[in-house]
Amino acid sequence: MILPPRPENHPRPEPPRPALGPHPRRDRPALERFAPPPWDRHSPQWLEIEDTLPADHRARAIDEAVDQLDLTDLFASYAGVGSKAHRPDLMLKIVVYEIQTGRHSPDQWAQDVHDRRSLQWLGLGITPSRTRFYAFRDRIGPRLEALNRQVLEAALIQGLTTARQGALDGTLIAANASRHRLVNLARLQRRLAELDRVIAADKIRQDPGAIPAWLAHPPATRR
């Protein structure tokens, strides 16, 4: 998870706006290999959103945090052949914002870039397709550990954590991957009653009628 800087260290820019160039710690090798975003930070569309984005908005914190990361390996992972890819730093900003707001699916990301102005601000107007978001998810996955290490180092320097304790997640199933969902007590009781009804019909070899989708259809597996 990208740690945002403290709000007092991230003031909203005031006019007149200075010329905005690359952050000194960002390594963007061979940017010509990537598709240029539709906007830059002087485009009217970007400035319109900039003027309405609160100083303490989550998007500003993520923008600053990602700019602090060394993304050399991520940029270098693109071969530079075929159609030009979107800049990975912009993709990362969008994905981090989406995950922090509970949107974990590339399908959702592809939809939200058209609707959420904060994502348009972060991505300089790019609207990656669903396929490109899935490809980026697969590309960034093996690099998360190294990026997390950078985040932890920055958190130590800023005094956001002492890192005296750690926890290792031993889960073998990816988050949000299970098709199973918890049910409340009332629904559980209704399902138990339905199960008892169907099992009773099975015992006397009667047709139980309609079988709910959640209930096993072969009689031998209903219990």
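Karplus-derived 3J(HN,Hα) values for the stretch 132-143, using 6.51 cos²θ - 1.76 cosθ + 1.60 with θ = phi - 60°, are 5, 5, 4, 5, 5, 4, 5, 6, 6, x, x, 9 Hz; glycine and proline are entered as x. For a test of the definition: using alpha carbon positions, the gyration tensor, and the 1.5 limit on a/c, classify the stretch 58-161 as rounded, prolate or oblate. It comes out oblate by the Cα gyration axes. For a quick check of your reading of the filter: which trypsin sites (Lys or Arg not before Pro) in the stretch 82-160 sit in a DSSP loop and have no more than 14 other Cβ atoms within 10 Å? Qualifying residues, ordered by number: LYS84.
A short reminder: the numbers here are calculations on the coordinates, not readings from a lab. Fair warning: this is a prediction, and the values are worked out from it, not measured in the lab. Please note: Cβ atoms are built from the backbone with ideal geometry, for glycine as well, and neighbour counts cover all protein chains shown.
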